[in-house]
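Read-outs: derived from the displayed coordinates by stated rules, not from any lab. The structure displayed is predicted, hence computed values, not measured ones. Glycine also receives a Cβ, built like all others from the backbone with ideal geometry; neighbour counts cover every protein chain displayed.
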Amino acid sequence: MDNRVIIFDTTLRDGEQAPGCSMTMEQKLRMARQLEKLGVDVIEAGFAIASEGDFEAVKRVSMEIKDCTICSLARTKKTDIDRAWQALQYAEDPLIHTFIATSDIHILHKLHMNRDQVLKTAVEHVKYAKQYSEKVEFSAEDAGRSDVDFLCNIFEAVIDAGATVINVPDTVGYVIPDEFGNLIKTIREKVPNIHKAILSVHCHNDLGLAVANSIAAVANGARQVETTINGIGERAGNASMEEFVMALNTRKNLLDLETGVVTTEIYRSSQLLTSLTGMTVQRNKAIVGANAFAHEAGIHQDGMLKNKQTYEIMTPESVGIHKSALVLGKHSGRHALGERYKELGYELSKDDLEVAYKSFIRLADKKKDIYDADLIAIIQDEISEIPEIYEFESLQVVSGTEITPTATIKLKRGDQSLMDSSIGDGPVDAACRAIDRITGIQCKLINYSIHAVTKGKDALGEVLIQVEYNDRSYAGRGASTDIIEASAKAYINAINRVVHTSESDSGDDTIDQI
Ligand code: KIV
Ligand code: ZN
């Protein structure tokens, strides 16, 4: 049996539909470019019929990304499949992913159908999708709680109808590893034409078992796994790509399976997603959390100094985490900066390099040592995928324990200079209120986090926030050696997203998400 496992990435679909993870079209494109570099095999770019924004994202990703299969989700409805194809037709290697629920709970209470009707609908729509695309994936939603014989019948029928991928989702994260492994084994034994399709799994993490279940599935013959970066997704999320891939790599002796993922791109992908959505990962998150490679206990540190293998089962370098090296100083030129960015994996245009260079010089005036992490923060700060409708100009704050915090902010919109002041509960609150007064946009701050990009008291503070506006959440990011300035920049960044989104995309979902 082939030992190559296909990585089907659904960060931009199942991941993006989770609260706090929505992305604009430009953000999805940026993430898709990184997924291509990461070497995933399939990118599920959205659910084309769900909204204009989703449709455009699938279309633009189809037009631009050529090294991955591009997929759109579609219910077993002709209108969904038509819409998916309208967006996917530009892809070099398109895949229509259609699904219907197969568990009795869903069939009775959600679909109000019977099993025969579900089977007929599935077959009819796989055939319909097949008119457009050679590659068609069929998912049996809530397969984890479905009757196994019915599941096998429907899989056999849709493979006869032309499905090239059969997906077994544990939609509600209910199964446990042995049980799921056995289900995959049974499907392989009982579905006579299973060899004509790729057997795929899609696990949710409600019991914290999504990765364990995915591993049990591949150990029993599944050869596609659906994952998301950082494990984002509905409720407790989906199987995390980085955990699944590194488990396979680290335990190759046991599983003898491989993927096409370039593991050194893992950390960059995780960081990019965090900065696009504002959704941070917990410090102790496996593989990409801040503590994943930190050794605190004396005994561990001693062991590490003697031989790294005492406490390290994989190296940070293997997932693209490098010790933040001291790189450049105040007198480094544009060329050296451009070269360092290249080494870090960023190909900057001449204009972008100029913007980054100005920012680098400003930072070097405030901070003695500049590290790789500072350069990455500069790039994320300055080279944004959304236009800077409001631009930060300056900030003045008066704060203390005995006085009412007051902030005065100056912004630029086009040629116009705009200024206002506000008091607040603290200096950050006062700064955000002053920005609200200038822009006339009142967002609700739902998440705020700050961390130092490097060590040292003069380190850059990076602020990641999520705001809510008209029932939609937007991320914002800002960095500065002054944390109030970083907070104001993050808030302005989020407001620019609000304005840009309402100008370019109605943002109204036309149907409920799955
Ligand atoms: O969780 C699920 O069942 C899904 C399907 C649409 C694959 O996301
Ligand atoms: Zn799902």
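Roughly what % antiparallel, to the nearest 5, for the DSSP beta bridges in the chain?
Values: 35 of 71 bridges.
Around 50 percent of the beta bridges assigned by DSSP in the chain are antiparallel ones.
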Which of 127/252; 77/252; 285/358; 135/190; 110/130; 308/489 have a Cα-Cα distance over 30 Å?
127/252; 77/252; 285/358; 308/489
Go through region 210-300 and name the GluC sites (Glu not before Pro) that are in a DSSP coil and have 13 or fewer other Cβ atoms within 10 Å of their Cβ.
296
Taking Cα centroids, how far is region 64-117 from region 405-428 in Å?
48
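Whats the longest run of the chain with zero trypsin sites (Lys or Arg not before Pro) that are DSSP loop and have at most 11 other Cβ atoms within 10 Å?
Here the longest run is 67-282.
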Crossing angle, helix 52-64 versus the chain [Cα axis fit, 0-90 degrees, rounded to tens]
90
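Pulled fully out, how much extra length does the chain show between residue 182 and residue 403, if you take 0.36 nm times their separation in residues and subtract their Cα-Cα distance?
On the way: separation 221, 0.36 × 221 = 79.56 nm, distance 6.60 nm.
Stretched fully, the residue 182-residue 403 segment lengthens by 73.0 nm.
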Using the alpha-carbon atoms, what tilt in degrees (0 to 90, nearest 10) does helix 210-219 show relative to the longest principal axis of the chain?
40
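How high is the relative contact order of the chain, in percent, counting Cα pairs under 8 Å that sit 6 or more residues apart? Before the final figure, lay out each step's value.
Details: 1059 pairs, mean separation 64.1, N = 514.
Computed value for the chain: 12 percent relative contact order.
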Taking each pair of different alpha-carbon atoms in the chain once, compute 1/r for the pair, average those values, and report the inverse of that mean as the Kirkwood hydrodynamic radius in Å to one decimal.
24.4
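Stokes-Einstein D for region 111-228 at 20 °C, 1.002 mPa s, Kirkwood Rh over Cα pairs, in µm²/s?
151
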Rounded to one decimal in nm, the spacing of the 7 Å Cα→Cβ label points at residue 418 and residue 196 is 6.1
Percentage, to the nearest whole number, of Cα pairs in region 391-500 over 20 Å apart
38
Using only Cα atoms, find the angle between the long axis of helix 241-250 and the longest principal axis of the chain, and express it within 0 to 90 degrees, rounded to the nearest 10.
70
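For a Förster distance of 22 Å, can you work out the FRET efficiency between the beta-carbons of residue 451 and residue 503, rounded to the nearest 0.05?
On the way: r = 32 Å, r/R0 = 1.44.
FRET efficiency, residue 451 to residue 503: 0.10.
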According to the Kirkwood expression over distinct Cα-Cα pairs, how big is the hydrodynamic radius of region 6-277, in Å?
18.2
List 214, 51, 480 from most exposed to least, where exposure is judged by having the fewest other Cβ atoms within 10 Å.
51, 480, 214
